[in-house]
Every structure is written in C-alpha cells, then in structure tokens.
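Please read the structure below before turning to the comments.
The values are calculated or read from the model by the stated rules, or taken from the named source; none is laboratory data. The model shown is predicted, which means the values in this text are computed figures rather than measured ones. Note that we place each Cβ from the backbone using ideal geometry, even for glycine, and neighbour counts take in every protein chain shown. Only protein heavy atoms, including side chains, enter the accessible area calculation; ligands, DNA and RNA are left aside. Shrake-Rupley method; radii C 1.70, N 1.55, O 1.52, S 1.80 Å.
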Amino acid sequence: SSHSAGRHHSDSNGMHSNFLPKMLFPRFIGEQPKIWKDKYLDYFRIFDIPEHMWVAMASMNFDKNAVKWLQVYKAQYGLGTWESFISAVETQFGYCDYRDALSQLLELKQTGTMEEFITEFESLQYQICMHNHVYDEEFFVSQFLKGLKHDISAAVQIRVPDKMTKAIMLAKIQQKILDRSKDQVSEVSL
C-alpha cells in the first residue's frame with residue numbers, strides 16, 4: 001500500500017540521516033582561504049571523507065564572490081585535484097588578504113583604547129604571517145611602536161623591546177601610568 005511505502009521511505013530516510021555528519025560544512029565566501037582550508041581538512045578527517053570527494057564537497061559550499069570565481073575556474077580548468085584546486089583558491093583569494101592586511105598594518109594608528117589597538121594590530125599581524133613568514137619580530141615591534149600614540153610610543157621605545165609580547169606589556173603599563181596621572185590631575189582640578 002502507499003501508506004507502508006511512505007513509512008518505508010521515512011524509515012530509510014531516518015536510517016540514512018544517521019550516517020550524515022551533524023556538523024555544518026564550512027562555507028567559503030572568498031576570505032581567509034588558509035583558515036578555510038584548515039577547517040575543511042579538519043572536517044574531511046573528522047568525518048572520514050574520501051579524498052576524491054573533497055573538491056566536489058568544497059565547491060558546493062562556495063558562496064558570494066567565491067562562487068562566481070568558481071564558475072569561471074571550472075569552465076577554464078575543471079575541478080581537478082584537491083592540490084591544484086586549493087592552490088588556485090589560495091592564490092586567488094589569499095594574495096588580496098595578504099596585501100590588504102600589510103597595507104592596513106603599515107597605516108594603523110592608535111585612535112581608541114590600547115586594547116582596541118592591540119587587538120587590531122595582532123589580527124593583522126597573524127594574517128600577514130599566515131601568508132608570508134619573512135617578517136620577523138623586529139618588523140612587527142617597529143610597526144607597533146609607530147602606531148602607538150606618541151606619549152606612549154616614546155616611553156616604550158626607550159626600553160628597546162625586541163619581542164611583541166614585551167612591547168605590548170610595556171605599552172599597557174605606560175597607558176596605565178598616563179591614565180593614573182590624568183585621574184590625579186582631574187582630582188586636583190576638582
């Protein structure tokens with residue numbers, strides 16, 4: 001009967017759904033391809049997805065600008081192997097991320113709180129290092145000092161920090177000293 005066929009259909013669906021991964025597959029919109037690749041690889045390993053399915057599964061989860069690029073790429077090259085596919089994705093989307101992060105870091109200035117500046121600086125630093133390992137601590141320390149407010153930067157520079165952790169610690173200390181002296185001045189003026 002149609003009733004039992006329907007039940008059989010839902011039973012088979014129910015059984016089938018038990019084998020489907022419960023974790024959402026990561027979508028790719030064209031940003032941070034190295035982070036996206038690591039998430040995909042983790043997903044493939046966790047759910048034991050065979051490598052010949054990786055490209056197809058990944059490409060089904062492209063969105064926004066990434067899916068438009070994918071249409072052009074597929075027409076020109078087909079999907080090919082995972083290595084060639086992921087290399088093309090990283091070249092296409094990673095280069096822009098790297099250049100943008102580098103130019104933002106070079107122009108970054110502390111305008112708000114110390115915490116906001118540090119968070120933004122470190123985010124850009126990590127993005128740059130993901131794409132290019134040539135930049136050393138000295139480069140990042142010097143850019144960090146250039147971006148700090150002048151009265152903080154001058155006090156930190158005297159201590160000649162050679163590591164970002166030290167530069168950040170000194171900047172936070174100097175910020176507290178300045179905040180304390182401002183509080184004392186405002187108390188006196190009351």
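Annotations
- Where G78 falls short, out of the listed (1) at pLDDT below 95; (2) closer than 19 Å to C129 by Cα; (3) open to solvent by less than 80 Å² (accessible area, probe 1.4 Å): (2)
- Each residue in the stretch 140-152 was checked for being of a type outside the set (A, V, I, L, M) and within 18 Å of T119 (Cβ to Cβ), and 6 pass.
Condition check ((1) of a type outside the set (A, V, I, L, M); (2) modelled with pLDDT of 90 or more) across all residues:
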position	(1), (2)
H3	yes, no
H9	yes, no
M15	no, no
I29	no, yes
K37	yes, yes
V55	no, yes
A58	no, yes
N61	yes, yes
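- Residue within the stretch 43-50 that is closer than 25 Å to H131 by Cα, open to solvent by 40 Å² or more (accessible area, probe 1.4 Å), out of contact with any Phe, Trp or Tyr (no Cβ under 6 Å at 6 or more places or on another chain) and not aliphatic (A, V, I, L, M) present: yes
- Which listed residue, of F28, F62, is touching an Asp or Glu at 6+ places or on another chain (Cβ under 9 Å) and either open to solvent by 20 Å² or more (accessible area, probe 1.4 Å) or closer than 27 Å to Y126 by Cβ (or both): F28
- Tally, over the stretch 80-125, of residues that are assigned to a loop (DSSP other than H, G, I, E, B), hydroxyl-bearing (S, T, Y) and over 30 Å from Q174 (Cβ atoms): 1
- Across the stretch 65-75, the qualifying residues are those that are open to solvent by 60 Å² or more (accessible area, probe 1.4 Å) and either of a type outside the set (A, V, I, L, M) or under 22 Å from L24 (Cα atoms) (or both), and the one among them that is nearest to the chain's Cα centre (by Cα) is N65.
- Residues located in the stretch 69-108, provided they are within 21 Å of F121 (Cβ to Cβ) and of a type in the set (S, T, Y): Y98, S103
- With respect to the conditions (1) touching a residue at least 12 places away in the same chain (Cβ under 8 Å); (2) outside any loop (DSSP other than H, G, I, E, B); (3) not hydrophobic (A, V, I, L, M, F, W, C), P161 lacks only one, and its number is (2).
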